[in-house]
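Q: Just passing along the structure, written as structure tokens.
Every read-out reported here was derived from the displayed coordinates using simple, explicitly stated rules and does not represent laboratory data. In this text, all values refer to a predicted model and were calculated from it rather than measured experimentally.
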Amino acid sequence: MGIAIESIGLFANSDNSVKTSLELCKRAGEPCIAQSGYKKEDIGLVVAVSVYRDSYFCEPAFSSFVQNELKINHDKKDSSDPKTLSFDVLNGSMGFLNACQLSAAMIIAGKTKASLVISSDLVDDNVSEKGDPPGFLHTGAAMLLADRKNGGCEFTSFSFRTFAELQDACEAYMYNDEDRGMTLRFRRDPGLMEVYLKALSQGVCGFLEKEKAGLDDFDMIIPSQISSEFITKAADALGVKREKMIDVTRKEGDLFNASLPVAMDHILKHNLARSGQRALIAQVTSGIQVGCAVYQF
């Protein structure tokens, strides 16, 4: 496929000093772009995957605000100047991996030199909540994707599968409560972890069959960073050693859409992968959905 991770930007809002999703995007996006070998003019695509953002608005696209805030081809007066397409992908915590696939297709098609995928899920204090707590961390995460350089790292395949028969195990929706006004409702089945594990096992099995590969063909596995307990059980469900699983979980909560960029950043910064090694990305989220991808270092 020939599409690589050029750079990653992260911002952990550990003290909750940042109160808006847009600001979280900015804090992650600026270092991501600065660390890359690309100029803002080269970024022809911005994909925002934040599900929970400021006031939970849907239109216009949140990505257009991110693009403007980061000043990516935001104020062009000449129609021949470089332009940037921006749109949102809202698909639970699978959005980041979905956006990577979309970005790869756009880059391969020659529509852009580089693509910025960005997320910053944040529960808005101005909106009431009911039911289960959301449980995810307010983390800004950005990843710049571009053409592979000189035989370097790359994504080689993507696959997504939905288990619609299990979709009621996890849901979130908004409604107008008579007492609270606009209210965000979370509801999780008490056995959600087991539902996730069952779907993950089936999804990974189907992907490996399609790829004509086995788990032994991969040097590491990057799962959803829901919790350390989940990753331990995922290793058991897949029948692999626990140490093969990348675990960058936080005790404070689920990394949600930041799972993939935080895990990749950890691998790259700590030199955990050698040239030629392969990672299996295996994520699960509401829907119930399983997303798999291969990244070769």
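Q: Per DSSP H run of at least 4 residues, take -39500 (n - 2.57); add these up for the chain, divide by its residues and hand me the 222 nm value, nearest 500 deg cm²/dmol.
A: Mean residue ellipticity at 222 nm (helix-derived): -8500 deg cm²/dmol.
Q: Separate question: List every residue whose amide H lies under 5 Å from the amide H of residue 85, counting only residues 5 or more places away in sequence or on a different chain, with H placed 1.01 Å from N in the peptide plane.
A: Amide H to amide H, under 5 Å and 5 or more residues apart or across chains, residue 85 pairs with 45, 46.
Q: Relative to the present Cα-Cα distance, how much length would full extension add between residue 55 and residue 69 at 0.36 nm per residue of separation?
A: 3.3 nm
Q: From the C-alpha gyration tensor of segment 229-282, pull out the three semi-axes of the equivalent ellipsoid (sqrt of 5λ each), sorted largest to smallest, in whole Å.
A: Calculated on Cα positions only, the semi-axes equal 18, 16, 9 Å.
Q: Now for a separate question. Would you give the gap between the C-alpha center of segment 1-33 and the C-alpha center of segment 78-112, rounded to a whole Å?
A: Result: 17 Å between the Cα centres.
Q: Here's a follow-up. What full-extension length gain, to one decimal in nm, is calculated for residue 179 and residue 77 as 0.36 nm per residue of separation minus the Cα-Cα distance?
A: Taking 0.36 nm per residue and subtracting the Cα distance, the gain is 31.9 nm.
Q: Could you tell me the distance between the Cα centroids of segment 115-171 and segment 214-255, to the nearest Å?
A: Cα centres, segment 115-171 to segment 214-255: 17 Å.
Q: Per residue, how much space in cubic angstrom lies within the convex hull of the C-alpha atoms of segment 3-151?
A: 121 Å³
Q: So, one more: Binning every alpha carbon pair distance of the chain at 10 Å from zero, what are the percents per bin?
A: 6, 29, 36, 22, 6, 1, 0
Q: Continuing with the same structure: Over its Cα atoms, what ratio of radius of gyration to 2.2 N^0.38 Å does segment 164-297 give?
A: Cα-based Rg divided by the globular estimate yields 1.17.
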